[in-house]
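Here the structure is laid out as structure tokens; the discussion comes afterwards.
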Amino acid sequence: MRVAIETYGCTMNQSDSDVMRAFLSNHFELSNVENAEVVVINSCGVIEFTERKIIRRIQELKSAGKKVVLAGCLSRISKEALNLADSAISPDNLEKVVEAVKLAFNGGARFLEWNNVDKTSLPKLRLKENVIAIVSISEGCMGHCAFCATKFARGKLRSFSIERIVKEVENAVKQGFKEIQITSQDTGCYGLDRGKLMLPELLERICKIEGDFRVRVGMMNPQFAKAMLSDLLNAYESEKIYKFLHIPVQSGDNRVLKDMKRDHSVEDFVEVVEEFRKRFDVMLSTDIIVGYPTESEESFWKSYELIERVRPDIVNITRFSKRNGTPASKLKQIPGWIVKERSRNLTELSVKIGLENNRRYVGRELEVLVTSHGRKWMLARSNEYRAVITFGELGEFKKLKIGDCRHNYLLDSELRARSFFATLSTGASLIRPSGL
């Protein structure tokens, strides 16, 4: 039987697909979607737009005569997606994927029970199309955000064994992976269910592993980063850790943050960012929800002014999406045209800031790690995790000079020179690479 996996959403889902791929490879022929008889959809339910997209995809696949196994967050969030699928598993029943595939031809099955599974103990089959290995360190979170449905799917925090995480990273490095992406719903609260915040300890243990590799730390919420700030900064001193900080603020108005049931203030966010910048040339990524039901015009401009003042390199802007079953879904929604206008204003500001930030690197020499293929060139990452378009071999550490930039990537001066001459001869412009 030929089986394929389609993955949507976050790095946690990508890691879950590595697990399912390992189980499936022992029983079936792994295939592309076109040739597959069964397609496992590893779904994302963070916003309604993505849910509708995945539901349409399930319908397309079934119309093409394929059986569909629903995995990922929608198996516990969306009754419509669940009823369309021929079989289903939840995020903590990954070992049931083989059984779910077999049963998809016999009336299906739904494996939705809650299991406290340490995923570091499960096998993984990672694709070798790049040198990136994703390592999950926990499942669930400590939050109670009024807008989020992910907790319905992932549940409360369950931190995985620090010994097993370190062993998994060690094995990935031995297999040739050069970038280790530490991932979770919130890396900052790792260990809290066991009595204390343990992320700095985990990072220190990982950095003692022999080999040339880099670690990208995934998203952490401001309140946890602040609570362990001194130890976290010390852990980041290692040259193996990208000086990359993904810390979501969500709103620049403390009143809206309270309505969202976020456990941090704007001031907490700013303090963490300022302390990191005192120690490192850090690349900052943050998240903003635009159009939350209680966001007034004044609230929005507070968010705008916060981004203008803090100047993040990346701002992930999400228009508020009502998720059934959440407290925020019961609130009166802001008209769509207002939300769209606010999103446009904030996007324009973010692009402007991103370009201005990147221009500081033009003319500088950087060390980079070549991590993956772009559309025509190679994608590399600087020590701050800035995207750099260059030549090179996968897994290569190299030094280069930055010749140009866009708001979301830097350009190797050698590649820029070649592209410039190509532009003169063909009339073509530089093509924005994929995967950035």
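The values are calculated or read from the model by the stated rules, or taken from the named source; none is laboratory data. Since the model is a prediction, treat every value here as computed from it, not as a measurement. Using ideal geometry, Cβ is built from the backbone for each residue, glycine included, and neighbour counts are taken over all protein chains shown.
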Qualifying positions in the range 108-129 - farther than 27 Å from residue 68 by Cβ and in contact with a strand residue (DSSP E or B) (Cβ under 7 Å, 6 or more places away or on another chain):
116
How many residues does the range 325-368 hold that are more than 23 Å from the chain's Cα centre (by Cα), outside any helix (DSSP H, G or I) and either among the basic types (Lys, Arg) or more than 17 Å from residue 386 (Cβ to Cβ) (or both)?
8
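Out of the residues in the range 367-381 meeting the condition of being surrounded by 19 or more Cβ atoms within 10 Å (Cβ to Cβ) and more than 20 Å from residue 351 (Cβ to Cβ), tell me which one is modelled with the lowest pLDDT. Give the derivation first.
Filtering the range 367-381 for residues surrounded by 19 or more Cβ atoms within 10 Å (Cβ to Cβ) gives 368-371, 377-381.
Subset that is more than 20 Å from residue 351 (Cβ to Cβ): 368-371, 377-378, 380-381.
On the way: 368: 98, 369: 98, 370: 97, 371: 97, 377: 90, 378: 94, 380: 97, 381: 98.
Out of the qualifying residues, it is 377.
When the residues of the range 285-296 are narrowed to those that are surrounded by fewer than 21 Cβ atoms within 10 Å (Cβ to Cβ) and not β-branched (Val, Ile, Thr), which ends up farthest from the chain's Cα centre (by Cα)?
Filtering the range 285-296 for residues that are surrounded by fewer than 21 Cβ atoms within 10 Å (Cβ to Cβ) and not β-branched (Val, Ile, Thr), the one farthest from the chain's Cα centre (by Cα) comes out as 296.
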When every residue in the range 151-180 that is without any contact (Cβ under 8 Å) to a residue 40 or more places away in the chain and outside any loop (DSSP other than H, G, I, E, B) is compared, the one nearest to the chain's Cα centre (by Cα) is 151
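Among the helices (runs of 4 or more DSSP H) contained in the range 48-131, which hold 2 or more residues that are outside the structural domain of residue 373 (by TED's automatic domain parsing), under 17 Å from residue 4 (Cα atoms) and out of contact with any helix residue (DSSP H, G or I) (no Cβ under 7 Å at 6 or more places or on another chain)? First the steps, then the outcome.
On the way: elements: 48-63, 74-77, 79-84, 97-103.
Where helices (runs of 4 or more DSSP H) fall fully within the range 48-131 and carry at least 2 residues being outside the structural domain of residue 373 (by TED's automatic domain parsing), under 17 Å from residue 4 (Cα atoms) and out of contact with any helix residue (DSSP H, G or I) (no Cβ under 7 Å at 6 or more places or on another chain), they are 48-63, 97-103.
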Residue 177: among the aromatic types (Phe, Trp, Tyr) and within 17 Å of residue 238 (Cα to Cα), yes or no?
no
Please go through the range 199-223 and give me each residue that is outside any helix (DSSP H, G or I) and not β-branched (Val, Ile, Thr), ordered by number.
208, 210, 211, 212, 213, 214, 216, 218, 219, 220, 221
How many residues are touching a strand residue (DSSP E or B) at 6+ places or on another chain (Cβ under 7 Å) and surrounded by 14 or more Cβ atoms within 10 Å (Cβ to Cβ) if we restrict to the range 355-366?
5
